[in-house]
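The structure appears below as structure tokens.
The values are calculated or read from the model by the stated rules, or taken from the named source; none is laboratory data. This one's a predicted model, so the numbers in the text were calculated from it and none came from an experiment. Glycine also receives a Cβ, built like all others from the backbone with ideal geometry; neighbour counts cover every protein chain displayed. Surface accessibility is based on the protein's heavy atoms, side chains included, excluding ligands, DNA and RNA. Shrake-Rupley method; radii C 1.70, N 1.55, O 1.52, S 1.80 Å.
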Amino acid sequence: MRILIIGSGGREHALAWKLHQSSIEKLYVAPGNEETRFFAQNIPIHPTNIERLTRFAKDNRINLTIVGPENPLALGIVDSFHSERLRIFGPTKAATQATEASKAFAKRFMAENHIPTAPFRIFRKYETALNYLRKCGAPIVVKASGLAAGKGAYPCETLIEAEHALKEIMVDRIHDKAGKKVVIEEFLEGQEVSIHAFCDGKTSILMPPSQDHKIITVGGKKLMTGGMGAYAPVPWVSDDLLHQIQQEIVEPMTKGLRESGQPFAGCLYPGLMITPQGPMVLEINARFGDPETQVYMRLLKTDLLDIMEACIEGGLADIKIEWNSGFAVCVVLASDGYPGEYEVGIPISGLDKAERIPGIVIFHAGTTRDDTGQVVTAGGRVLGVTAVGETLETACARTYEAVKQIHFDGMHYQKDIGAKAFTF
Ligand code: AMP
Ligand code: GLY
């Protein structure tokens, strides 16, 4: 087996780390990061350069390609690989458009398929959207419809915040083309849960529920990040609730996509709000979550390669997916300024010491090495420190013990990853 993973973040490092444990001949990561180059070959091709990636896979006789981020999926990497008869894990361009790449499309799709989601309206014109906002008042949620690196949603507690969000999206165009259309929807109260399902177009199998930590407060202002930490499983999500999520959300999604001619093969990741009225969909992602994948890979017992092959071949109904007992936690260490502007090239110390703590694996996200061989920062989310433990308390304590050993100037992280499980 010759495998290619596309992407460079913590999610891709975690997927590579897990696949490295399967029986494979060669593992490539494009472009990879500082740590993946120790057990895989990093290939300097950007994830959105579909043509070069397709050629690379063909020339190097790649048997299976796994796509980490959403952008290559939205650009049609899966279609391009299929046209060359190359095997690839991920949904087609059309299936990505119907789920993650267009929130407007996804909301209409959910409404048509009676999948519970917040009541919404879609707007193309700024003035009409503004009038609607003023009519509704706050709290309310304003979202850029297109792909915005996970930062295009603005849950607003006041009308002033909502007007500001709408201006940023539609007038200032801070998310560029993603702000051509906006979705304005009801503000849902509850607890968020990340659901991930392996899908082969017909069958879907849920992974354990996890919780992400997307919103941070900086100087009294709430900021949306790509995700600052995660843990799994979520103790208060009962088997009955998971069954309900499968029946009312995941099954109708995969059925609806199949019936509209866009069968979904890959990892389907609906972000949910568990409200007093039941689970409701906040967004549909067409890929693995980051940092949820870092905890999933620490818990997965079954060979990931076997699962991915079953997703591609339509054989998911025939395999059993097993998970280790206990919990996994991931805390993201970010650069000063993230999710806004940040500096790179800052030396990182203490990685060896942190990794010596039992149960710790550190996934790199934004790292590189300078001319002297020193590991330095190269992104907003720099590292994902993960631990496993028989209890969530142990896994959290181990993670934060390891975090304390690591240092880079300006490093910041959330101190309460996993706390939502205890306070619920
Ligand atoms: P999205 O990109 O649509 O998942 O939104 C990002 C984050 O915004 C979610 O993880 C929630 O924290 C928040 N959010 C999105 N939609 C809503 C909603 N309707 N009500 C409350 N919070 C929301
Ligand atoms: N965990 C957030 C995301 O992957 O979009």
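Miscellaneous remarks
- Rg and Dmax of the range 358-424, based on Cα coordinates, read 13.8, 48 Å.
- When only alpha carbons are used to place a centre, the range 303-358 and the range 362-395 end up 10 Å from one another.
- Computed across the range 75-118, the Kirkwood hydrodynamic radius from all distinct Cα-Cα pairs reaches 11.5 Å.
- Potential lengthening of the chain between Lys301 and Ser260 amounts to 11.3 nm, from the contour at 0.36 nm per residue minus the alpha-carbon distance.
- Expressed as a whole percent, the accessible surface of the range 22-146 that belongs to carbon and sulfur atoms is 47, based on a 1.4 Å probe.
- Surface per residue (accessible, 1.4 Å probe) for the range 327-424, Å²: 46
- Per-residue HN-Hα couplings for the range 314-320 [Karplus 6.51, -1.76, 1.60; θ = phi - 60°; Hz; x = Gly/Pro]: x, x, 5, 5, 9, 10, 10
- For Val382, the residues whose amide H sits under 5 Å from its own are Leu333, Ala334, Ser335, Gly366, ignoring neighbours fewer than 5 places away on the same chain, with H placed 1.01 Å from N.
- Coordinate range along principal axes, alpha carbons of the chain, Å, largest first: 57, 48, 42
- Extension gain, Glu157 to Cys136, is 6.3 nm, computed as 0.36 nm per intervening residue step minus the present C-alpha separation.
- Mean shadow area of the range 200-344, taken as a quarter of the surface of its Cα convex hull (nm²): 11.0
- For the range 301-413, the alpha-carbon coordinates run over 49, 32, 28 Å along the three principal axes, in decreasing order.
- For Tyr28, distant residues with modelled amide H under 5 Å away: Ile3, Leu4, Ile5, Gln41
- Of the residues Phe109, Phe187, the one with the largest accessible area comes first in the ranking Phe187, Phe109, computed with a 1.4 Å probe on protein heavy atoms.
- For the range 128-273, diffusion coefficient by Stokes-Einstein and Kirkwood Rh (Cα), 25 °C, 0.890 mPa s, µm²/s: 144
- Estimated inter-spin distance, Ser349 and Thr372, nm [label 7 Å along Cα→Cβ]: 1.1
- Only protein atoms count toward the accessible area here, which uses a 1.4 Å probe; on the range 227-375, the carbon and sulfur part of that area reaches 46 percent.
- Distance distribution P(r), the range 268-313, all Cα-Cα pairs, bin width 10 angstrom from 0: 22, 40, 31, 8 percent.
- Annotation: Cα Rg of the range 1-56 relative to the compact-globule expectation 2.2 N^0.38 Å equals 1.03.
- Residue-by-residue Karplus 3J(HN,Hα) for the range 158-168, coefficients 6.51, -1.76, 1.60, Hz, glycine and proline x: 10, 5, 4, 4, 5, 5, 5, 4, 4, 5, 4
- Added length on full extension, which subtracts the Cα-Cα distance from 0.36 nm per residue, Tyr126 to Glu322: 65.7 nm
- Sequence-distant residues sharing a close amide H with Glu192 (under 5 Å, placed H): Ile274
- The C-alpha radius of gyration of the range 154-216, expressed as a fraction of 2.2 N^0.38 Å, stands at 1.55.
- Label-reachable residues, the range 406-424, where backbone N falls under 19 Å from a point 7 Å from Arg356's Cα toward its Cβ: 406-408
- Accessible surface, the range 1-147, averaged per residue in Å² (probe 1.4 Å): 43
- Rounded to whole Hz, the Karplus (6.51, -1.76, 1.60) HN-Hα couplings of the range 114-122, x for glycine and proline: 6, 8, x, 8, 5, x, 8, 9, 10
- If you model the range 18-128 as an ellipsoid using its alpha carbon gyration tensor, with each semi-axis the square root of five times an eigenvalue, the axes come out at 34, 15, 14 Å, biggest first.
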